[in-house]
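The values are calculated or read from the model by the stated rules, or taken from the named source; none is laboratory data. The structure displayed is predicted, hence computed values, not measured ones. Here the Cβ is made from the backbone with ideal geometry for all residues, glycine too, and neighbour counts use every protein chain on show.
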Amino acid sequence: MHRAGRGRLLAFLGGVLALTLAALGPAAAMEFVVRTADDGAPILIARGPIVAGDALRFRLALREVGRDRFGDKRVALASEGGPVGEAFAMADHMEEERVSTFVLPGTTCASACASILFVAGHHRSVLDRGRLGLHSCAVKAGRERSPLCNELIARRAERRGVPYAPLLALLQTSDPRSMKWLRPEEADCWGLTRRPPEAPPTPAITREPSCPATGLQTIGFSR
């Protein structure tokens, strides 16, 4: 897509479409704090809702984070989501800096956090008791699905190695007003995670009907 066309599309998305929970509560800027992981690598904790201006603040925060032994900057995400356009801008910085994304134990990354930020990671991990939450893009009123927005998200994630069909299926078949929650093994099964070569797999891989391995073809999203 040409730069001018992409800019117009993002402006449209920022003004008309949003990925949010049913009730976001009071808007507050995302918080960024640098911590040290158990292996000694720095990790940026990004928590709170995504709001206007967070992309610039995120870019500045990433400058303070060193790289791990894989050459990545680590970011742990804990957010209920926010505007699609702002999340895309944050994902642009993640791709430029080669970021690996994590959902830490007991935390959640939902809506635009999951479908845009998490999947923008070079390596992507949902740790024990962490959860990803996905639902369809919606027109701002929040009741009507937006196939255009879902398609754009799935195509962009495909560039980062996320299978296009499973992610699009998750988005298109979810109600904009309710969340489809994925446990770590389900995130693995849907192809949303990608671990470093030496990392052990999630112990249990689900074979429930929610997994694309049990019949993605039947819902019309095969390529």
Exercise. Has the range 96-115 got any residue that is free of Cβ contacts under 8 Å to residues at least 40 places away in the same chain, of a type outside the set (Val, Ile, Thr), at positive phi and not in a strand (DSSP E or B)?
Worked result: yes
Seminar exercise, completed: Of the residues in the range 116-138, those that are in a loop (DSSP other than H, G, I, E, B), in contact with a Ser or Thr (Cβ under 7 Å, 6 or more places away or on another chain) and under 24 Å from residue 105 (Cα atoms) come to 121, 122, 123, 130, 135
Exercise. Is at least one residue of the range 43-55 among the basic types (Lys, Arg), surrounded by 11 or more Cβ atoms within 10 Å (Cβ to Cβ) and touching a His at 6+ places or on another chain (Cβ under 6 Å)?
Worked result: no
For this session: Give me a count of the residues in the range 170-186 that are more than 21 Å from residue 82 (Cα to Cα) and of a type outside the set (D, E, K, R).
Result: 1
Problem set entry | Residue identified as small (Gly, Ala, Ser), outside any loop (DSSP other than H, G, I, E, B), surrounded by fewer than 24 Cβ atoms within 10 Å (Cβ to Cβ) and modelled with pLDDT under 95 among 141, 165, 154 | 165
Seminar exercise, completed: Residue count, the range 69-84, condition outside any loop (DSSP other than H, G, I, E, B) and either modelled with pLDDT of 95 or more or under 16 Å from residue 44 (Cβ atoms) (or both), comes to 7
For this session: Name the residue, out of 40, 66, that is modelled with pLDDT under 95, more than 17 Å from the chain's Cα centre (by Cα) and more than 26 Å from residue 183 (Cα to Cα).
Result: 40
Problem set entry | Where residue 91 falls short, out of the listed (1) in contact with a strand residue (DSSP E or B) (Cβ under 6 Å, 6 or more places away or on another chain); (2) closer than 16 Å to residue 30 by Cβ; (3) touching a residue at least 60 places away in the same chain (Cβ under 8 Å) | (1)
Exercise. So which of 117, 127 is surrounded by fewer than 24 Cβ atoms within 10 Å (Cβ to Cβ), touching a strand residue (DSSP E or B) at 6+ places or on another chain (Cβ under 9 Å) and not β-branched (Val, Ile, Thr)?
Worked result: 127
For this session: Count, please, the residues in the range 92-114 that happen to be surrounded by 24 or more Cβ atoms within 10 Å (Cβ to Cβ) and either farther than 18 Å from residue 38 by Cβ or of a type in the set (S, T, N, Q) (or both).
Result: 10
Exercise. Hey, does the range 30-44 have a residue that's under 27 Å from residue 155 (Cβ atoms), in contact (Cβ under 8 Å) with a residue 24 or more places away in the chain and small (Gly, Ala, Ser)?
Worked result: no
Exercise. Assuming residue 60 fulfils every condition listed in (1) under 29 Å from residue 180 (Cα atoms); (2) modelled with pLDDT of 95 or more apart from one, which condition is it?
Worked result: (1)
For this session: Inspect the range 170-187 for any residue being over 22 Å from residue 103 (Cα atoms), at pLDDT 90 or above and among the aliphatic types (A, V, I, L, M) and give the result as yes or no.
Result: no
For this session: Of the conditions (1) in contact with a helix residue (DSSP H, G or I) (Cβ under 8 Å, 6 or more places away or on another chain); (2) touching a residue at least 40 places away in the same chain (Cβ under 8 Å), residue 70 clears all except one; give me its number.
Result: (1)
Exercise. For residue 95, all conditions in the list (1) in contact with an Asp or Glu (Cβ under 8 Å, 6 or more places away or on another chain); (2) closer than 22 Å to residue 70 by Cα; (3) among the acidic types (Asp, Glu) hold save one; what is the number of the exception?
Worked result: (1)
